[in-house]
Amino acid sequence: MSGRRTDGDGIGGGAPHRVESTDPVRVWHGLADTSVLLDGFHALKHALRFGASIPVALTSDKAAVLALAQDLAPDVSDALDALLAETDDATLRALVPRLHPTAVAALAVRPSRAANLRALEHTPRSAPVVVLDDPRNLGNAGAVIRLAAGFGATGVVTTGTLDPWHPTVVRGGAGLHFATAVERVDVEELPKGPLFALDAEGEDIRGIEVPDGAVLAFGSERSGLSAELRARTDHLVSLPMRPQVSSYNLATSVAMALFHWSSGRPPKAQA
């Protein structure tokens, strides 16, 4: 269940193969290799809210999941009731390597790479694109995607070898990959726009206005910005930090930068 890339260019995602069966477990087996694993109630809830195509969802306790939905997310209760199929606990645990405590898992169709790239390239943008330059930690990447979705960022792109649709990343993102555009690209393929890269040697971000069309880049947890990305940077900026404190967690850095971008803008009306 890797959410692996399957389209013609070897990088983007494609729709899962059609499986002609009414048995949800057989459907799962037929789609697992080419689908995005939604691990747990919250991931499934968010994916439904943001329009994901979900061909199969399983639980070992449908009544408990629907009760949880009535308490936490009544807006998706009817959709969950229609979508969820119940199976025994042993079968579910055999399908999902690390079953979520809510005992629910689903498979979703990964958005097409072409559609995501169009969203990332579209201008004028109403919110920045976040770039993770050669990230190494799957959980950190998931937390950043969750943050970006919460702030309404245009998208999150990664460079390097980490797959931003890896199941661990999707789990860390709580299914919010479907709320923003998430792709892996090379540095030379980054979306257009003024590139603001975070670095301890940069100018204090508090004195800089970050425009909506900005590309906000963050270096890897261990080695910082790559030489390739640094060479493309338009503005090197830093976050405020007390002396003798060496660094912030990656997700914390992204949150601070996005908050700075958003702080001078009026609140958006809720849909």
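The values are calculated or read from the model by the stated rules, or taken from the named source; none is laboratory data. Please read these numbers as outputs of a predicted model, since none were measured by experiment. For neighbour counting, all protein chains shown are included, and Cβ atoms are generated from backbone atoms with ideal geometry for every residue, glycine included. For accessibility, only protein heavy atoms count, side chains too; no ligands or nucleic acids. Shrake-Rupley method; radii C 1.70, N 1.55, O 1.52, S 1.80 Å.
On the principal axes of its Cα set, how long, how wide and how thick is the chain? Give whole Å, largest value first.
58, 41, 37
Quick one: go through the stretch 238-260 and flag any residue whose amide nitrogen is under 12 Å from the point 7 Å out along the Cα-to-Cβ line of Glu201.
none
Spin-label point model (7 Å from Cα, Cβ direction): what's the Ser247 to Ser263 distance in nm?
2.4 nm
Any idea what the relative contact order of the chain is, in percent, if you count C-alpha pairs under 8 Å spaced at least 6 apart?
Answer for the chain is 19 percent.
Loop by DSSP (not H, G, I, E, B), at most 14 other beta-carbon atoms within 10 Å: where is the longest site-free stretch of the chain for GluC sites (Glu not before Pro)?
It runs 21-208.
At a probe radius of 1.4 Å, what is the per-residue accessible area of Val157, in Å² to the nearest 10?
0 Å²
For the stretch 206-266, which trypsin sites (Lys or Arg not before Pro) are both in a DSSP coil and crowded by at most 15 other Cβ atoms within 10 Å?
Arg222
Could you calculate the FRET efficiency of Ala64 with Arg98 from 1/(1 + (r/R0)^6), where r is the beta carbon distance between them and R0 is 22 Å, rounded to 0.05?
Rounded to the nearest 0.05, the efficiency is 0.70.
For Thr22 and Thr91, FRET efficiency with R0 = 25 Å and r from the beta-carbon atoms, rounded to 0.05?
Here the calculated transfer efficiency is 0.95.
Starting from the coordinates of the alpha-carbon atoms of the stretch 209-271, obtain the Kirkwood hydrodynamic radius over all distinct pairs and give the value in Å to one decimal.
Evaluated over the stretch 209-271, this radius sits at 13.7 Å.
If each residue of separation counts as 0.36 nm, what is the full-extension length gain between Ala82 and His235 once their alpha-carbon separation is subtracted?
Gain on stretching Ala82 to His235: 50.1 nm.
Enter the mean projected area of the convex hull around the alpha-carbon atoms of the stretch 134-271, in nm², rounded to one decimal.
8.5 nm²
Sum up the charges of everything whose Cβ sits under 12 Å from the Cβ of Leu176, counting Lys and Arg as +1 and Asp and Glu as -1, but leave Leu176 out.
After counting each charged neighbour, the total is +4.
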